[in-house]
Amino acid sequence: MPIQTTTPSASDLVLAADEVLAGLTARPLGEVSASEYETGRVITLAPWMSNLGGRLGFLLGSQHADGTWGAPNGYDLIPTLSAAEALLTVLRRWESRSLPDATGVDPGKLAAAAGRALAALRTRLRQGRSAGLPDTVAAELITPALVAEVNGHLDRLVREPVAGLDAWGAGFRLDLPADADAETLARVRAHLRAGGDVPFKLWHSLEVMGDLARAAASVRTMADAVGCTPAATAAWLGERPDAERFSHAMAYLEDTAAGHGGAVPTILPVTFFERIWTINILIGAGIDAHVPPSIVEELERLLDAGPLPGAPGLPPEADTTSTGLATLARLGRMRKPDLLWEFEEGDHFCCYLGGERTPSETTNAHILEAFGEYVDRNPEHAGRYRNAMGKIVRWLAGVQHQDGFWTDKWHASPYYATYHCATALDLMADAEAENAVRRAVEWTVATQNDDGSWGIWGGTGEETAYAVHILLHTRPGQADPRARHAATRGGHFLRGQNRNQYTPMWHGKDVYSPIAVCRAAPVAALYLTRAHAEGSLAARRPWRVPAGNRR
């Protein structure tokens, strides 16, 4: 959608929402931004793929002036390691004349880019220092795997120089950061060497297993991919896959790359997650949009069968499951949320079964919504749900940061986490919840940029949309003139944004943008700001939760 500085009408916004929703069926695998990390891994692991030049062009074009790739605040290390290793691999293949297709390969440019990357990594990875790794997927395993791969190239440069990399052939090596977990990586690899199966949770990052990933017998494809990810699929196929035996997985990689000019996203498909989040934010804002019946029917069928993964090939988890249940309830397709009890822990709910490094604040907010929507419509069955809701309220209030925001392992921005936590807590008729929401509103008002936007790395449409929701889709925000004024300024910013530009901020193995969700959020926020301007903004009603013991 082009930049639009005039105020869109309500019908314009409904049409925009319908367009986003129609895209969910037009692109059944979903749509995700390209990834420097994943593209680097595919370059190394799948030399048989077409359009190497497109992948290299993507990496050369996205390298920053300081030699890194990726986002700020620690998000640059893993994509920089991956891209540097990929460039070194291509240069080595060029030297040995083993590139299947050298079209578009400029060794001088590749060597210069690799040298800049190595210089940046040398500065970043000082001996014994923590790298400040963000909580992205498998970061503690990916980092030592890539450091070892790059060091292997550096060791080889001593024996076999490569033109343009003479300065790096003197025995220089990268230090392993203190927050990488080489011991766990070594343990898992030893388990596989001894004939053990690859744990399902590791399928998504199978590429860290090195040669052990190739045709691993315990791994299988789902929706033609391994673990919803090009790198894992490429690692499983190997450098010379059997085209007849693995035709579907090979086609998945080629088709995925074709959608990005040769580059690949960090995850695809994103089917269930993308559809649920997109529908939820649009109907949650009160937009009377057309939700494709086929999507609703599929969601009902899937949830009737058990907990949902984010997409085929990922482990089932509580986040997608709970948000799916709440979304169905808002569409008038209520399901009893008993699927979620297996995720209950002592003082909160986990996202994944079998242990997880970090609990998820937004997962708990979504479980609160799933329980709340059910109890509101079935107050006679409140019992155990009411007690769990009280537990979640206390836990979310306890993990709220002092300034009033929340953070979460699924997104780089606190505006995402604060939006989900604040709007869920707002539906509780509870003093502790109300105080937490009020603090979130105050923090949001205080952190607005001069141009009306919000954002941790500069104003973005996505983060501004979440901030507008915090201010106009909570009772404390609706009651606060400062919040309403800030939301109006946020709406002005959103109207001037190009809605086809996105800043990757979602946590995968790299940060990424789920395009439909990022398109839906500003549409929903503009709908709220228009309703506020017209005086038709609906007041939020708390869930009807019968009084009782909420220990």
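Among the candidates GLY152, GLY132, GLY104, which residue alone is part of a helix (DSSP H, G or I) and assigned by TED's automatic domain parsing to the domain that holds PHE172?
Details: GLY132 fails: part of a helix (DSSP H, G or I); GLY104 fails: part of a helix (DSSP H, G or I).
Matching residue, one of GLY152, GLY132, GLY104: GLY152.
Go through segment 453-551 and tell me which helices (runs of 4 or more DSSP H), entirely inside it, have 3 or more residues that are hydrophobic (A, V, I, L, M, F, W, C) and under 29 Å from the mean Cα position of the chain (by Cα).
Numbers: elements: 461-472, 475-479, 481-495, 515-534.
Of the helices (runs of 4 or more DSSP H) lying wholly inside segment 453-551, those with at least 3 residues that are hydrophobic (A, V, I, L, M, F, W, C) and under 29 Å from the mean Cα position of the chain (by Cα) span 461-472, 481-495, 515-534.
Scanning segment 237-295 for residues that are within 23 Å of the chain's Cα centre (by Cα) and aromatic (Phe, Trp, Tyr), we see that the one that is farthest from GLY53 (Cα to Cα) is TRP277. State whether one or more residues within segment 496-518 are crowded, with 22+ Cβ neighbours inside 10 Å and closer than 24 Å to SER536 by Cα. Scanning segment 496-518 turns up no residue that is crowded, with 22+ Cβ neighbours inside 10 Å and closer than 24 Å to SER536 by Cα.
Can you say whether LEU282 is closer than 23 Å to THR320 by Cβ and touching a residue at least 40 places away in the same chain (Cβ under 8 Å), as far as the supplied structure shows? Outline the logic, then answer.
On the way: closer than 23 Å to THR320 by Cβ: yes; touching a residue at least 40 places away in the same chain (Cβ under 8 Å): yes.
Against the criterion (closer than 23 Å to THR320 by Cβ and touching a residue at least 40 places away in the same chain (Cβ under 8 Å)), LEU282 qualifies.
Counting just the residues of segment 338-363 that are over 17 Å from the mean Cα position of the chain (by Cα) and within 18 Å of ALA417 (Cβ to Cβ), which one comes out surrounded by the most Cβ atoms within 10 Å (Cβ to Cβ)?
Looking only at segment 338-363, we keep the residues that are over 17 Å from the mean Cα position of the chain (by Cα), and these are 338-350, 353-355.
With within 18 Å of ALA417 (Cβ to Cβ) added as a condition, the list becomes 348-350.
On the way: HIS348: 22, PHE349: 25, CYS350: 18.
Looking at residues that are over 17 Å from the mean Cα position of the chain (by Cα) and within 18 Å of ALA417 (Cβ to Cβ), I get PHE349.
Within segment 481-497, residues that are under 15 Å from GLY455 (Cβ atoms) and at pLDDT below 95 reach partners that are small (Gly, Ala, Ser) and assigned to a helix (DSSP H, G or I) with beta carbons closer than 7 Å, at six or more positions or on different chains, in the pairs GLN497/GLY461.
A search for C-beta distances below 6 Å between a residue of segment 393-413 that is of a type in the set (S, T, N, Q) and any residue that is outside any loop (DSSP other than H, G, I, E, B), counting only pairs 6+ apart in sequence or on different chains, returns GLN400/ALA436; THR407/PRO414; THR407/ALA417; SER413/ILE456; SER413/GLU463.
Say we look at segment 236-266 and pick out the residues that are assigned to a loop (DSSP other than H, G, I, E, B) and either small (Gly, Ala, Ser) or in contact with a strand residue (DSSP E or B) (Cβ under 6 Å, 6 or more places away or on another chain) (or both); which of these is nearest to ARG93 (Cα to Cα)? So that I can check it myself, show each step before the final result.
So the first thing to find is which residues in segment 236-266 are assigned to a loop (DSSP other than H, G, I, E, B), and the list is 238-246, 259-260, 262, 264, 266.
The next check asks that each one be either small (Gly, Ala, Ser) or in contact with a strand residue (DSSP E or B) (Cβ under 6 Å, 6 or more places away or on another chain) (or both); those that pass are 238, 243, 259-260, 262, 266.
Details: GLY238: 16, ALA243: 22, GLY259: 26, HIS260: 24, GLY262: 19, THR266: 25 Å.
Across segment 236-266, the extreme among qualifying residues is GLY238.
Against the list (1) more than 24 Å from TYR512 (Cβ to Cβ); (2) within 26 Å of the chain's Cα centre (by Cα), the condition PRO144 fails is (1). Scanning segment 59-101 for residues that are among the charged types (D, E, K, R) and outside any loop (DSSP other than H, G, I, E, B) yields GLU85, ARG92, ARG93, GLU95. When the test is whether a residue is within 30 Å of ILE276 (Cβ to Cβ) and either surrounded by fewer than 16 Cβ atoms within 10 Å (Cβ to Cβ) or touching a residue at least 40 places away in the same chain (Cβ under 8 Å) (or both), ALA22 passes it. GLY30 fulfils the conditions (1) assigned to a loop (DSSP other than H, G, I, E, B); (2) buried (at least 24 other Cβ atoms within 10 Å of the Cβ); (3) without any contact (Cβ under 8 Å) to a residue 60 or more places away in the chain except for a single criterion, (3).
Here is the figure for segment 316-346: residues that are part of a helix (DSSP H, G or I) and of a type in the set (D, E, K, R) total 4.
Mind listing whichever residues of segment 413-430 are under 12 Å from THR363 (Cα atoms), among the hydrophobic types (A, V, I, L, M, F, W, C) and either outside any helix (DSSP H, G or I) or more than 14 Å from the chain's Cα centre (by Cα) (or both)? CYS421, ALA424 - these are the residues of segment 413-430 that are under 12 Å from THR363 (Cα atoms), among the hydrophobic types (A, V, I, L, M, F, W, C) and either outside any helix (DSSP H, G or I) or more than 14 Å from the chain's Cα centre (by Cα) (or both).
If you check ASP175 against the conditions, is it among the acidic types (Asp, Glu), buried (at least 16 other Cβ atoms within 10 Å of the Cβ), in contact (Cβ under 8 Å) with a residue 24 or more places away in the chain and part of a loop (DSSP other than H, G, I, E, B)? Give the derivation first.
On the way: among the acidic types (Asp, Glu): yes; buried (at least 16 other Cβ atoms within 10 Å of the Cβ): yes; in contact (Cβ under 8 Å) with a residue 24 or more places away in the chain: yes; part of a loop (DSSP other than H, G, I, E, B): yes.
Spelling it out, ASP175 is indeed among the acidic types (Asp, Glu), buried (at least 16 other Cβ atoms within 10 Å of the Cβ), in contact (Cβ under 8 Å) with a residue 24 or more places away in the chain and part of a loop (DSSP other than H, G, I, E, B).
Taking the criterion of being in contact (Cβ under 8 Å) with a residue 60 or more places away in the chain and either of a type outside the set (D, E, K, R) or farther than 21 Å from ILE78 by Cα (or both), the residues of segment 195-209 that qualify are PHE200, LEU202, TRP203, HIS204, SER205, VAL208.
Within the option set GLY61, GLY54, being surrounded by fewer than 17 Cβ atoms within 10 Å (Cβ to Cβ), within 26 Å of the chain's Cα centre (by Cα) and within 22 Å of ALA102 (Cβ to Cβ) holds for one residue only, GLY61.
Residue pairs whose Cβ atoms lie under 6 Å apart, sitting 6 or more positions apart in sequence or on different chains, and linking a residue in segment 178-194 that is within 15 Å of LEU146 (Cβ to Cβ) to a partner that is surrounded by fewer than 16 Cβ atoms within 10 Å (Cβ to Cβ), are ASP179/SER130. Scanning segment 1-19 for residues that are surrounded by 11 or more Cβ atoms within 10 Å (Cβ to Cβ) and either modelled with pLDDT of 95 or more or among the small types (Gly, Ala, Ser) (or both) gives ALA10, ASP12, LEU13, VAL14, LEU15, ALA16, ALA17, ASP18, GLU19.
For (1) in the same structural domain as ASP408 (by TED's automatic domain parsing); (2) basic (Lys, Arg), each residue gets a yes or a no:
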position: PHE493; (1), (2): yes, no
position: ASN500; (1), (2): yes, no
position: TYR512; (1), (2): yes, no
position: ALA516; (1), (2): yes, no
position: TYR527; (1), (2): yes, no
position: ARG544; (1), (2): no, yes
position: ALA547; (1), (2): no, no
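Residue-level check: of (1) closer than 30 Å to PRO546 by Cα; (2) touching a helix residue (DSSP H, G or I) at 6+ places or on another chain (Cβ under 6 Å), THR444 misses just (1). Scanning segment 77-93 finds one or more residues that are over 20 Å from ALA235 (Cβ atoms) and either over 20 Å from the mean Cα position of the chain (by Cα) or not assigned by TED's automatic domain parsing to the domain that holds MET209 (or both).
Being free of Cβ contacts under 8 Å to residues at least 60 places away in the same chain, surrounded by fewer than 20 Cβ atoms within 10 Å (Cβ to Cβ) and of a type outside the set (Asp, Glu) holds for only one residue in LEU302, LEU328, and it is LEU302.
Restrict the check to segment 223-234 and report whether at least one residue is among the hydroxyl-bearing types (Ser, Thr, Tyr), buried (at least 23 other Cβ atoms within 10 Å of the Cβ) and assigned to a loop (DSSP other than H, G, I, E, B). Spell out how you get there, then give the answer.
First, the residues of segment 223-234 that are among the hydroxyl-bearing types (Ser, Thr, Tyr): 229, 233.
From what is left, the residues that are buried (at least 23 other Cβ atoms within 10 Å of the Cβ) are 229, 233.
With the extra rule that they be assigned to a loop (DSSP other than H, G, I, E, B), the set shrinks to 229.
Yes: one or more hits.
The values are calculated or read from the model by the stated rules, or taken from the named source; none is laboratory data. Keep in mind it's a predicted model, so treat the numbers as computed, not measured. In this analysis, Cβ positions are derived from the backbone assuming ideal geometry, glycine residues included, and neighbour counts consider all displayed protein chains.
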